Amino acid sequence: MEKKSILLVEDEPFLAKVVKDSLEQQHYAVTHASDGRKAYSLFRNNHYQLLIVDVMLPHTDGFTFVRQIRAAGSLVPVLFLTARTATPDVIEGYQSGGNDYLKKPFSLEELYLRIAELLKRYTVAPMPSGSTHQIGLYRFDPEKQLLHFPQELDIRLSYRETQLLQLLYTHRNAVLERRTALITLWGDDSFFHTRTMDVFITKLRKHLRRDPGVAILNIRGIGYKMTC
């Protein structure tokens with residue numbers, strides 16, 4: 001069975017060693033980076049299924065690092081490990097693109113549970129760096145968060161618009177179940193997130209309206225289908 005790959009970004013040597021060794025005993029493949037700059041370089045050149053990220057890091061802090069990978073279009077789940085647990089810090093962690101937050105000091109047993117839950121909830125396929133997709137007459141660049149229509153200005157997409165369009169493209173000409181999209185992008189299928197996703201679907205339809213051969217259809221009671 002292939003080991004799940006984890007990038008651990010932690011600048012405290014003792015804690016990093018304890019976490020890395022413990023996770024390897026749990027049959028994970030763990031790569032360690034001691035600062036945000038090195039972590040981003042490793043991330044750009046490798047595929048990881050989960051990131052465990054400290055917030056207070058040399059060179060590039062954890063929030064900035066996660067914003068960078070989200071701007072590149074990555075959906076990989078992120079677990080923040082940090083002593084910064086004031087409400088504004090927690091909010092910033094989630095807004096930067098984090099999926100979960102674990103307060104230091106923590107038990108290894110709780111860490112194992114959080115990791116298992118994130119890996120179960122978020123299944124992310126690797127997205128080659130620099131890849132673009134053709135959606136009808138549009139060219140979609142997830143890494144740059146751009147939609148290009150011939151002889152017109154590029155449309156700059158938000159992070160969530162990019163995520164959702166990438167997911168729709170992956171399921172193009174097939175049904176994307178609403179719950180699958182919600183769990184993948186928001187982590188739950190609550191009413192609030194359902195309404196939020198509907199807003200992003202409306203925005204994507206507006207962006208794609210120049211090509212009548214492209215449509216995002218409502219499949220009543222099930223989800224969406226993008227035809228192109």
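The values are calculated or read from the model by the stated rules, or taken from the named source; none is laboratory data. On a predicted model such as this, the values are computed, not experimentally measured, just so you know. Backbone-built Cβ (ideal geometry, glycine too); neighbour counts: all protein chains shown.
For the range 180-222, the tally of residues that are buried (at least 18 other Cβ atoms within 10 Å of the Cβ) and part of a strand (DSSP E or B) stands at 1. Among the residues making up the range 81-107, those that are in a helix (DSSP H, G or I) and surrounded by 13 or more Cβ atoms within 10 Å (Cβ to Cβ) are 89, 90, 92, 93, 94. Scanning the range 53-76 for residues that are under 13 Å from the mean Cα position of the chain (by Cα) and outside any helix (DSSP H, G or I), we see that the one that is surrounded by the most Cβ atoms within 10 Å (Cβ to Cβ) is 74. A single entry from 185, 204, 147, 176 fulfils the requirement of being of a type in the set (A, V, I, L, M, F, W, C) and within 17 Å of residue 97 (Cα to Cα): 185. List every residue pair whose Cβ atoms sit under 7 Å apart, with the two residues 6 or more apart in sequence or on different chains, where the first one lies in the range 12-35 and is assigned to a helix (DSSP H, G or I) and the second, anywhere, is charged (D, E, K, R). The qualifying pairs are 16/10; 19/10. On the basis of being under 19 Å from the mean Cα position of the chain (by Cα), under 11 Å from residue 9 (Cβ atoms) and outside the structural domain of residue 158 (by TED's automatic domain parsing), does residue 91 make the cut? Against the criterion (under 19 Å from the mean Cα position of the chain (by Cα), under 11 Å from residue 9 (Cβ atoms) and outside the structural domain of residue 158 (by TED's automatic domain parsing)), residue 91 does not qualify. The residues on offer are 148, 171, and the sole one that is surrounded by 14 or more Cβ atoms within 10 Å (Cβ to Cβ), at pLDDT 90 or above and out of contact with any His (no Cβ under 7 Å at 6 or more places or on another chain) is 148.
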